[in-house]
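Worksheet for the structure shown next.
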Amino acid sequence: MKNMKKVLFGVLLLVSVLSLAQVNADYKSPIVNVVKVAAPAVVKIDVVVQTEISIDPFISEFYRQFFGDIPQQYEESDAVGSGFIISKEGYIVTNYHVVQGAKKITVTLLNGDSYDAQYVGGDEELDLAVVKIKPNKDIPVIELGDSDKLEIGEWAIAIGNPLGFQHTVTVGVISATGRKIPKPDGSGYYTNLIQTDAAINPGNSGGPLLNIYGQVIGINTAIINPSAAANIGFAIPINTARRFINQIIATGKVEKAYLGVYAQTVTESLAKSLGLKVTKGVYVAQIDKGSPAEKAGIKEGDVIVKINGSFVEEAAELTSLIRNYTPGTKVKVTVNRNGKEITIDVTLGTLPTETSSSSSTAREFYGIKVANVSNDDRNKYKIPASEDGVIVKESSNKYIKVGTLIWRISINGFAYDIRDVNSWNSTVGNIKKGDYVGIFYYYNGVRSVYSFRYDG
């Protein structure tokens, strides 16, 4: 009797499973349709990067004394990333860090078609770039969605090339919006990011994050160290990218927005010393004359606490948030003024390419181009107001990086303070072949000196 019951239960279970299978015989996950629609427009990006081999300056100087200049030496390395096609003309969106410094770019589609790609332009601060192929036939194009309408918990699908595994699909949800993470070089933050638990790995960078309709809602950009946490990835909202893509296609670069304040992060000691009514935010220490901030009525002594409803806690974060917008955009800046919150409408201006007309006449020296220091430079590179000098805007010198503040130059043991472009010009103009030169600089919170014998 007992065995009969077991047999009967087994038969009933089998019948139930078979019935369920029949009911759902044509069932397909909606993810399948998303992949069918979007994957053909997702590309693998292979890059070849040429980098200069670093040589210790002391070895270099020793070699130069006896044998002359050491020939520049380079090495090549390969990297892989992702991107997606946005037009029939062959324009492809990706991350800036995927194609940065690329000597050669190769794009491969899902069907195996491969093309040489040309770098159109991009922006390191936004981590956004555009490349272009010349298709010899019709190519698929992906649809862009609306990242402003995202809801926490909705489906998120990532397609990319993690570790070189082409067109890998991972699925998760939107975990959060409006996230910020520090940039790897410590220069500021990526702000207003989408967080997802869809698996993102090296090689996914530049690929699309999709909604359930197969529309791009973000550009996969970064992950938290997997040894520290699992499945915490971040994407640039597609609405942020949309503001700049056409600019990049048209000009190769972006026009950056400008508020016009020099700001300091509010700390406990700063709040106590200045008698501030808040312990978090960004203190407005100085306002550029004629800037959007001044025109809108922001005052020195205000503490900026929000930009368009997003909380601001650090000066570098303020700069990053402003850079997410294009010039002419109206934003709501919430400030704490004497303990009372006030929201001020500000129309952002265009960030000046140079801070002073004199910066355009600055002498280039030893591969270094400088300009006078702006408030935005101080915010971006975390340069205190107490540090004076000139800011390095371009550099082919491997020891002096962009963002470095040069504050003194010594020539054969005599020191000259560098306060602005004029003092830079007069000092470097006196340097002659064979002089022993020391460049005193400030970078990433540290003062250092780079010394060499000038070879003309």
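Taken together, the values in this text are just the output of simple stated rules run on the coordinates, not laboratory data. Note that the structure is predicted; figures quoted are calculated from it, not measured. In this analysis, Cβ positions are derived from the backbone assuming ideal geometry, glycine residues included, and neighbour counts consider all displayed protein chains.
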- Once both label points are put 7 Å beyond Cα along the C-beta direction, the Gln100-Gln286 separation in nm becomes 2.8 nm
- Over all viewing directions the Cα convex hull of the range 257-350 casts an average projected area in nm² of 5.0 nm²
- Taking a straight Cα-to-Cα line shorter than 17 Å from Lys332, and setting aside same-chain lysines fewer than 8 residues away, one finds Lys295, Lys299, Lys306, Lys340
- Note on the structure: So for R0 = 51 Å, FRET eff. of Asn397-Lys149 from the Cβ-Cβ r, to 0.05, ends up at 0.60
- Please sort 381-388, 401-408 by packing, taking for each peptide the average over its residues of neighbouring beta carbons within 10 angstrom, highest first. 401-408, 381-388
- For the range 391-415 and the range 154-172, what is the separation of their C-alpha centers, rounded to whole Å? 44 Å
- Task: Using a 10 Å cut-off on Cβ atoms, rank the peptides 209-221, 270-282, 249-261, 419-431 from the highest mean neighbour count down.
- Result: 209-221, 249-261, 419-431, 270-282
- The summed charge of the Lys289 Cβ neighbourhood (under 15 Å; Lys/Arg +1, Asp/Glu -1) stands at -2
- Message: Can you work out the Karplus-derived ³J(HN,Hα) for every residue in the range 297-310? Use 6.51 cos²θ - 1.76 cosθ + 1.60 with θ = phi - 60°, whole Hz, and x for glycine or proline.
- Response: x, 5, 10, 4, x, 5, 10, 6, 10, 8, 10, 6, x, 8
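Pulled fully out, how much extra length does the chain show between Ser386 and Ile181, if you take 0.36 nm times their separation in residues and subtract their Cα-Cα distance?
Values: separation 205, 0.36 × 205 = 73.80 nm, distance 2.74 nm.
Length gained between Ser386 and Ile181: 71.1 nm.
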- Item | Ordering of 76-84, 440-448, 39-47 by packing [mean C-beta count within 10 Å, highest first] | 39-47, 76-84, 440-448
- For Asn324, list long-range residues whose amide hydrogen, built 1.01 Å from N in the peptide plane, is under 5 Å from its own amide hydrogen. none
- Identify all lysines with a Cα-Cα distance to Lys433 below 27 Å; exclude those on the same chain that are fewer than 8 residues away in sequence. Lys369, Lys393, Lys398, Lys401
